[in-house]
Amino acid sequence: MKKSSENILIELLVINGQGGDTRAINLLVKRWHPKLLRQAYQWTGDKEAANDVVQESWQGIIKGLKKLKDPAVFPAWAYQIVSRRAADWIRKLQKDRKINEIGKNDSLECEETEDHLKILREALRKLPNEQRVILDLFYLEGQSVKGISKILALPVGTIKSRLFYAREHLKKNYKQIEK
């Protein structure tokens with residue numbers, strides 16, 4: 001499989017970061033922070049919590065960077081760290097109270113599109129966290145089923161199954177809300 005220039009750059013930054021190059025680490029953080037923040041937000045549904053999760057994750061990522069044997073797996077490895085930290089945050093939160101799911105109301109010019117987006121957001125909000133995360137990784141982050149499998153540390157078959165059921169659940173929610 002041919003590697004993209006972005007993948008090659010990430011691998012180079014990881015290798016240089018493993019060698020102690022702080023500029024490489026800073027560039028890695030600059031490139032990956034928004035992606036990891038988005039991942040954490042998908043898990044937590046809270047911007048402040050997502051920011052905290054990603055900050056904690058970066059500490060673990062930078063600390064463990066030297067132990068990473070294959071720089072090509074950095075994206076999956078980093079997503080996995082963020083996912084685990086976010087799951088920890090959710091477990092802590094569930095002890096105290098229910099998770100509040102927050103949606104955004106973006107304004108769009110086209111009313112019909114806006115209505116469909118509102119219905120879609122509502123349908124997504126009704127999905128369990130793990131289904132939203134899988135849909136986000138697959139459709140928004142462009143991760144493969146195999147990549148999601150590595151990120152979430154689950155078998156490929158499980159990811160395929162969960163992706164199928166997440167889509168079906170989303171369709172069902174969408175149709176119910178649309179009525």
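The values are calculated or read from the model by the stated rules, or taken from the named source; none is laboratory data. Quick caveat: nothing in here was measured; it's all calculated off a predicted structure. Here the Cβ is made from the backbone with ideal geometry for all residues, glycine too, and neighbour counts use every protein chain on show. Side chains included, ligands, DNA and RNA excluded: accessible areas come from the protein's heavy atoms. Shrake-Rupley method; radii C 1.70, N 1.55, O 1.52, S 1.80 Å.
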| query | Gln39: more than 20 Å from Gly142 (Cβ to Cβ) and part of a helix (DSSP H, G or I), yes or no? | reply | no
| Residues in region 1-56 that are under 17 Å from the mean Cα position of the chain (by Cα), charged (D, E, K, R) and open to solvent by 50 Å² or more (accessible area, probe 1.4 Å): how many? | 8
| Using beta carbons and a limit of 8 Å, which pairs, at least six apart or on different chains, have the first residue in region 130-142 and without any contact (Cβ under 8 Å) to a residue 60 or more places away in the chain and the second one basic (Lys, Arg) and open to solvent by 60 Å² or more (accessible area, probe 1.4 Å)? | Glu130/Arg162; Gln131/Arg162; Ile134/Arg162; Leu135/Arg167
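Can you list the helices (runs of 4 or more DSSP H) found entirely within region 61-179 that contain at least 2 residues being at pLDDT 85 or above and polar (S, T, N, Q)?
On the way: elements: 74-96, 111-125, 129-135, 145-152, 156-178.
It comes to 74-96, 156-178.
Considering only residues that are more than 11 Å from Leu127 (Cα to Cα) and open to solvent by less than 40 Å² (accessible area, probe 1.4 Å), which ones fall in region 146-179? Before the answer, list the steps.
Of all residues in region 146-179, those more than 11 Å from Leu127 (Cα to Cα) come to 146-164, 175-179.
Of everything in region 146-179, those that are more than 11 Å from Leu127 (Cα to Cα) and open to solvent by less than 40 Å² (accessible area, probe 1.4 Å) turn out to be Gly147, Ile148, Ser149, Ile151, Leu152, Ile159, Leu163.
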